[in-house]
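The values are calculated or read from the model by the stated rules, or taken from the named source; none is laboratory data. A quick note: this is a predicted structure, and the numbers were derived from the prediction, not measured. Cβ placement follows ideal geometry from the backbone for every residue including glycine, while neighbour counts extend to all protein chains displayed. For accessibility, only protein heavy atoms count, side chains too; no ligands or nucleic acids. Shrake-Rupley method; radii C 1.70, N 1.55, O 1.52, S 1.80 Å.
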Amino acid sequence: MALLMETRLLLRKVKDLRCLTQKRHRVKEKWASTRIKHPATGLALQNFDSIYSGQLGLLWPSVRAALLSERKYGALLNNYGHDDVQAELQAKGCKDFPSDIETEAQPCLEQEPAVAGEEESSHVSVNKSDLDAQQHPALQLSPNIKCLVFPRGDITRFKPARPDMFGCLGYYLMDAASVLPCLALNVQEGHNVLDLCAAPGGKTLALLQTKSIGFFGINDASVSRTTRLRKVLHSYVPKPLLSDEKLRITTFDGTKWGEIEKNTFDRVLVDVPCTTDRHSLMENDNNIFSKNRTGERRRLPQLQLDLLLAGIEAACPGGEILYSTCTLSQIQNLSVVEQAIHTAREDHGIQLQVVDLRPLTHMFRKTFDFAPDLPLGEMVVPHLAANFGPIYMCKLRRLT
């Protein structure tokens, strides 16, 4: 018995028993069978559970269930097509949500920014409860942007769009909530418009449907994503329009746009790269939560701030900027906008006015679920009955 105990103690002291095994019998350790795998989707879910449970409170369980379920799509009608697909889709029970609105919309309210020097802190704190009661002209929506959706609770899928006799597809399938930033941008006849982060092209295509743009600058920093954007446009827009000098597609670093074209555009859409919450939970490919993209993910808020500031500089005095993401993260949404307002005033001498988008949320509350009591901007939150989003948006106006 004593001999057996001594043998066990000896074996415990030996850290690597391979030295006692003949070389020809040694087997290399296989990581795949010994190390626990952590897929990017699982890491994303862990991250969201720890952050959004505190941010959204009791709302998070329902939002979580919706994010992990199949998303719902809308069909953005292509006004450059020649087939009457709208009647065909309406016969299946679809409704054009931009025209299916609440008629008693609230007046548009706006926030006058603090004058430079009055704000002591490093951030600007803007709360919608403090908005002035001053009334402004009602929010105007382009009648040419049409997006059909199935009713709440109906999870019917759209069939792929068919090309017409000229090769243009009848509709573009996208998250219907992604149309809201384009509607909120309120493009008017002859406006010069910049889409700073345009790929993959859904919002670009929605803005083109207005048929009101005087000059359209379309940009994305990624060459591969710009190539995909061009393919989308060629599938929906006639070639003469794409070759028009009033439309320009570029691949520049969007953060430097203030150095390229300053004080130029009436409307600027800044749909920044983000953690793309729904994709991060559903797809491991190209997932921002992959371990080899940790640094890129941590740099996102700074990139988003730089892009928004560039968009603010690109807008002309009196012009409007729409900042949007597809994440629930306050750090990428509210915090970026607050910091941009402060930096624009302190470093660039640009005063900004926050445009209240509550009239927009009031109009479309039958179609989408919106986050309650957001201090700045508006956000569509996913819900199982209306599984759109998430989409965050905040609208700013440059003062003269």
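Just a few scattered comments:
- Using the average count of surrounding beta-carbon atoms within 10 Å as a protection proxy, the listed peptides 206-216, 177-187, 53-63 rank, highest first, as 177-187, 206-216, 53-63.
- For the stretch 236-278 versus the stretch 324-345, the gap between their alpha-carbon centres in whole angstrom: 20 Å
- Scattering curve values for the stretch 170-259, log₁₀ I(q)/I(0), Debye with Cα scatterers, q = 0.15, 0.16, 0.21 Å⁻¹: -0.54, -0.62, -1.12
- Sorted on the mean count of surrounding Cβ atoms within 10 Å across their residues, most packed first, peptides 279-288, 385-394 read 385-394, 279-288.
- By average C-beta atoms within 10 angstrom, highest first, the peptides 230-236, 294-300, 377-383: 377-383, 230-236, 294-300
- In order along the stretch 209-222, the phi-based Karplus estimate (6.51 cos²θ - 1.76 cosθ + 1.60, θ = phi - 60°) of 3J(HN,Hα) comes to 5, 5, 6, 10, 6, x, 9, 10, x, 10, 9, 8, 6, 8 Hz; Gly and Pro are listed as x.
- 19 Å tail of the calculated P(r), the stretch 264-400, as % of Cα pairs: 53 percent
- Radius of gyration, Dmax [the stretch 185-238; alpha carbons; angstrom]: 10.9, 32
- In Å², nearest 10: area of Thr343 left accessible to a 1.4 Å probe: 20 Å²
- The Lys37 and Val223 beta-carbon pair, evaluated with R₀ = 30 Å, returns a calculated FRET efficiency of approximately 0.40.
- At 1.306 mPa s and 10 °C, Stokes diffusion of the stretch 226-265 via Kirkwood alpha-carbon radius, µm² per second: 133 µm²/s
- Inter-label distance for Gln86 and Glu283, nm, one decimal - labels placed 7 Å from Cα along Cα-to-Cβ: 3.1 nm
- Separation of the Gln188 and Thr400 label points, Cα + 7 Å toward Cβ, nm: 1.2 nm
- Counting only the Cα atoms, the stretch 327-372 fills a convex hull of 85 Å³ per residue.
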